[in-house]
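These notes are about the structure you will find just below.
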Amino acid sequence: MEQPLKIKKLDEAVVNKIAAGEVIQRPANALKELIENSLDAKSTNIQIVVKNGGLKLLQITDNGTGIRKEDFSIVCERFTTSKLREFEDLNTISTYGFRGEALASISHVAHLTIVSKTADEKCAFRAKYEDSKLIDTLKPTAGTQGTQITIEDLFYNMNIRKRALRSPAEEYQKITEVVEKYAIHNANVGFGLRKQGENNDVKTPCNSTKLDNIRLIYGHIIARELIEFSLENDPYKFKVQGYITNPNYSTKKFIFLLFINHRLVECQALKKCIDQVYTTYLPKNSHPFVYLSLELDPKNVDVNVHPTKHEVHFFNEEQIIELIMAAVETKLLGSNNSRVFYTQA
Ligand code: ADP
Ligand code: MG
């Protein structure tokens with residue numbers, strides 16, 4: 001008779017690598033975490049350089065508060081964070097990161113270098129990390145205030161994950177979308193994205209407006225058909241702001257930018273419902289551009305979702321979606337009237 005194989009505990013290094021590969025699935029994923037860290041650090045300028053779709057190099061430079069010299073030794077350990085102290089904080093947390101997992105994960109599946117300078121230090125410090133540990137000593141180096149995170153050879157030790165990825169061109173496309181969306185949502189922050197040795201593909205100025213950034217990124221054909229959208233609801237404690245195209249504009253593929261509590265997320269239910277409102281107004285098989293920033297009481301969103309689960313669910317989802325749909329409908333009706341008026345004039 002065949003005997004079962006003995007159950008063995010996996011090696012810790014293997015466990016870490018598997019877990020990290022779950023958190024960081026592709027370059028665009030890693031970049032999103034890094035952008036959120038830079039925003040948390042109050043940066044007003046975030047510049048990104050990429051080589052080979054982010055697989056060879058993914059580098060982000062910000063002008064934020066920086067990392068304290070004494071924190072360098074633990075910054076990449078799992079569950080180390082400057083943002084969350086108590087379990088209760090999970091309910092009120094307003095910063096993006098909250099579990100101290102991103103840098104740790106990246107250090108398990110890539111070569112990670114951090115250069116950072118706070119306002120108080122005379123110079124910057126440089127450190128390299130592997131498997132969440134600082135390797136070597138801190139090296140003083142020249143630098144301005146802020147942080148530069150360099151990720152090289154992503155998934156060098158995970159061939160399966162690497163092979164599952166799309167072409168560098170497609171990975172770069174995903175990276176571009178992440179940068180563009182964050183640039184629109186955070187119009188006060190200047191964003192830049194380029195391939196190493198080439199010119200910028202995305203470039204937004206500091207202190208811009210959302211509308212100007214939409215025009216810059218998606219073009220004036222969309223920008224000139226935008227209606228400002230806002231809605232506030234007390235009973236369900238939510239607030240929405242954004243820009244949606246009027247019925248004059250339509251495109252083959254629905255462009256939907258959704259931020260919930262300032263985090264770029266997906267919500268298929270909301271997306272479908274909004275698309276549906278437009279079906280009465282747009283030609284068959286065509287869709288709008290919609291950018292929405294939804295703010296919910298942090299108690300009502302499950303912030304504790306896994307970083308890869310971009311799909312978000314929230315409390316009173318159905319009612320809130322219905323209220324948003326009704327408000328979109330009202331907006332479209334209004335703009336439709338003015339369009340009729342306009343064409344008759
Ligand atoms: P989290 O964001 O959940 O705290 P991360 O692993 O993303 O976890 O980051 C760990 C810590 O490293 C952060 O809490 C923060 O203190 C520091 N950090 C990371 N990136 C930056 C940055 N760009 N500027 C300043 N501090 C940073
Ligand atoms: Mg983070």
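Remarks
- Residues (over 17 Å from Ile184 (Cα atoms) and in a strand (DSSP E or B)) located in the stretch 243-264: Thr251
- Considered as a group, the residues in the stretch 123-138 that are at pLDDT below 95 and outside any strand (DSSP E or B) include one that is nearest to Tyr156 (Cα to Cα), and that residue is Asp131.
- Some residue of the stretch 169-179 being touching a residue at least 40 places away in the same chain (Cβ under 8 Å) and within 16 Å of ligand 2 (Cβ to nearest atom): yes
- Scanning the stretch 54-65 for residues that are within 15 Å of ligand 2 (Cβ to nearest atom) and out of contact with any helix residue (DSSP H, G or I) (no Cβ under 6 Å at 6 or more places or on another chain) gives a single hit, Thr65.
- Output for the stretch 122-163, where each listed residue is among the aliphatic types (A, V, I, L, M), over 21 Å from Ser38 (Cα atoms) and free of Cβ contacts under 8 Å to residues at least 24 places away in the same chain: Ile135, Ile160
- Taken over the stretch 212-249, the criterion of being of a type in the set (D, E, K, R) and more than 21 Å from the chain's Cα centre (by Cα) is satisfied by Arg224, Glu225, Glu228, Glu232, Asp234, Lys237.
- Of the residues making up the stretch 1-47, just one is part of a strand (DSSP E or B) and within 16 Å of ligand 2 (Cβ to nearest atom), namely Ile46.
- Of the residues Ser167, Ser132, Ser208, the single one that is within 24 Å of the chain's Cα centre (by Cα), not assigned by TED's automatic domain parsing to the domain that holds Asn29 and not β-branched (Val, Ile, Thr) is Ser208.
- The single residue among Pro283, Pro247, Pro307 that is outside the structural domain of Glu33 (by TED's automatic domain parsing), modelled with pLDDT under 90 and out of contact with any strand residue (DSSP E or B) (no Cβ under 8 Å at 6 or more places or on another chain) turns out to be Pro307.
- Residue match in the stretch 151-163 (condition: within 18 Å of the chain's Cα centre (by Cα), aromatic (Phe, Trp, Tyr) and surrounded by 14 or more Cβ atoms within 10 Å (Cβ to Cβ)): no
The values are calculated or read from the model by the stated rules, or taken from the named source; none is laboratory data. In this text, all values refer to a predicted model and were calculated from it rather than measured experimentally. So basically every Cβ, Gly included, is an ideal-geometry build from the backbone, and we count neighbours across all protein chains shown.
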